[in-house]
Amino acid sequence: MSTFSLRGLQWFQALSGGATAVSGLPASLKVADGLLGEQPVRFLAVVADPENRFVRARNGEVGLLEGWGLAKAIDEVIEADRNQSHKRALIAIVDVPSQAYGRREEALGIHQALAGAVDSYARARLAGHAVIGLLVGKAMSGAFLAHGYQANRLIALRDPGVMVHAMGKASAARVTLRSVEELEALAASVPPMAYDIDSFASLGLLWETLEVSQIEQPTASDLAQVNACLAQAIRDVEASGHDLSSRLGASNRAASSKVRQLLRKQW
C-alpha cells in the first residue's frame, strides 16, 4: 500500500481527460493541454514518483526537478501565447506535502528551482494568463509557494485532508518547542497557525470552497461541479484583472490592508 497521496494524480487525470499530454518533463510532473468548455487551458500537477532519483522527492514533494520542470512548462505557455489575444489559463492542481528537504537539494539550489517556478507563475499571471489553483490535498511549505500560491484565484475542496500551512505539524512542534497537541490548541484561536480550510479561508486567500462526494476518486458529478467552478474563476479573473488584490478583503487581513495603504501613501 502506498504511503503517498494519489489525490493530485486522480484529479489531474479526471480534469485532463481527453487533453494532450506534454512530454519532456520529469515523471513527477503531469502536464496536459486541453479545453475547459471553450477555454484553452494547461493543467499542471506535481505527483509522487517512487523512482525519482532524488529520494527526498519521491512522495509528491516539490524538489529540484519539479521546480525547474514547472518553470519550463509555464514558460512554454507564455512564449507560445505571447501574441495571442486569448491566452491559455493555467490550472494548478495542488496536493504537495512539502518541499524536498535534503543535502543534495540544498547543495544544488532548491531555493533557485522553487523560485524559478514562482517566477514563471507570476510572469504568466502578469502576461494575461488566468492562473487558478485547485487545492485537493495538502498545500504545505515551499511546495505550495512554488506550485499554486501565485494563482489569481484559489479554490479548495472541503475535506480534512486538504490542509494549508508553512510546515507540517511535527516540524512546527519541533521548531516552536511545543507538542502537537499544544499547537492544535493554539491554532483554535490563532487562524494563521491552523491547518484547516476554514481558518485559511478566514484570511481571505480562498476564492471558493467546494463540497465533493468522493475526493479520493472524483465522480462524474464531482468533476462537473469542479469544472464549472474553474470556468467561473477564469471568467472572474478576465472580468476583474490579473492581480492578487482579491485576497485582501477578509477581516483577518485588515492589518495587511492597512500596511499596504500606508506604504502606498508614503511611496
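The values are calculated or read from the model by the stated rules, or taken from the named source; none is laboratory data. Because the structure is a prediction, the values reported are computed rather than measured. Here the Cβ positions follow ideal geometry from the backbone for every residue, glycine too, while neighbour counts run over all protein chains shown. Heavy atoms of the whole protein, side chains included, go into the accessibility calculation; ligands, DNA and RNA do not. Shrake-Rupley method; radii C 1.70, N 1.55, O 1.52, S 1.80 Å.
Of the conditions (1) out of contact with any strand residue (DSSP E or B) (no Cβ under 9 Å at 6 or more places or on another chain); (2) open to solvent by 70 Å² or more (accessible area, probe 1.4 Å); (3) over 24 Å from P50 (Cβ atoms), A107 fails just one. Which one is it?
It is condition (3) that A107 fails.
Failed condition for C229, given (1) closer than 17 Å to L134 by Cβ; (2) open to solvent by 80 Å² or more (accessible area, probe 1.4 Å), with all others met?
Going through the list (1) closer than 17 Å to L134 by Cβ; (2) open to solvent by 80 Å² or more (accessible area, probe 1.4 Å), C229 breaks only (2).
Looking only at segment 180-223, which residues are surrounded by 12 or more Cβ atoms within 10 Å (Cβ to Cβ), among the hydrophobic types (A, V, I, L, M, F, W, C) and within 27 Å of D236 (Cβ to Cβ)?
Of everything in segment 180-223, those that are surrounded by 12 or more Cβ atoms within 10 Å (Cβ to Cβ), among the hydrophobic types (A, V, I, L, M, F, W, C) and within 27 Å of D236 (Cβ to Cβ) turn out to be A194, I197, F200, A201, L203, L205, L206, W207, L210, V212, I215, L223.
Is one or more of the residues making up segment 42-61 open to solvent by 10 Å² or more (accessible area, probe 1.4 Å) and assigned to a helix (DSSP H, G or I)?
Among the residues of segment 42-61, at least one is open to solvent by 10 Å² or more (accessible area, probe 1.4 Å) and assigned to a helix (DSSP H, G or I), which makes the answer yes.
Report yes if some residue within segment 131-139 is over 17 Å from L70 (Cα atoms), open to solvent by 10 Å² or more (accessible area, probe 1.4 Å), touching a Gly at 6+ places or on another chain (Cβ under 8 Å) and outside any loop (DSSP other than H, G, I, E, B); otherwise report no.
Scanning segment 131-139 turns up at least one residue that is over 17 Å from L70 (Cα atoms), open to solvent by 10 Å² or more (accessible area, probe 1.4 Å), touching a Gly at 6+ places or on another chain (Cβ under 8 Å) and outside any loop (DSSP other than H, G, I, E, B).
One line per residue, one yes/no per condition, for (1) in contact with an Asp or Glu (Cβ under 9 Å, 6 or more places away or on another chain); (2) free of Cβ contacts under 8 Å to residues at least 40 places away in the same chain:
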{"position": "A122", "(1), (2)": "no, yes"}
{"position": "L134", "(1), (2)": "no, no"}
{"position": "L157", "(1), (2)": "yes, no"}
{"position": "S189", "(1), (2)": "no, yes"}
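Please give the number of the condition V62 fails out of (1) under 26 Å from A231 (Cβ atoms); (2) touching a Phe, Trp or Tyr at 6+ places or on another chain (Cβ under 9 Å).
Result: V62 fails condition (1) only.
Report whether or not I93 is aliphatic (A, V, I, L, M), open to solvent by less than 20 Å² (accessible area, probe 1.4 Å) and closer than 23 Å to L9 by Cβ.
Spelling it out, I93 is indeed aliphatic (A, V, I, L, M), open to solvent by less than 20 Å² (accessible area, probe 1.4 Å) and closer than 23 Å to L9 by Cβ.
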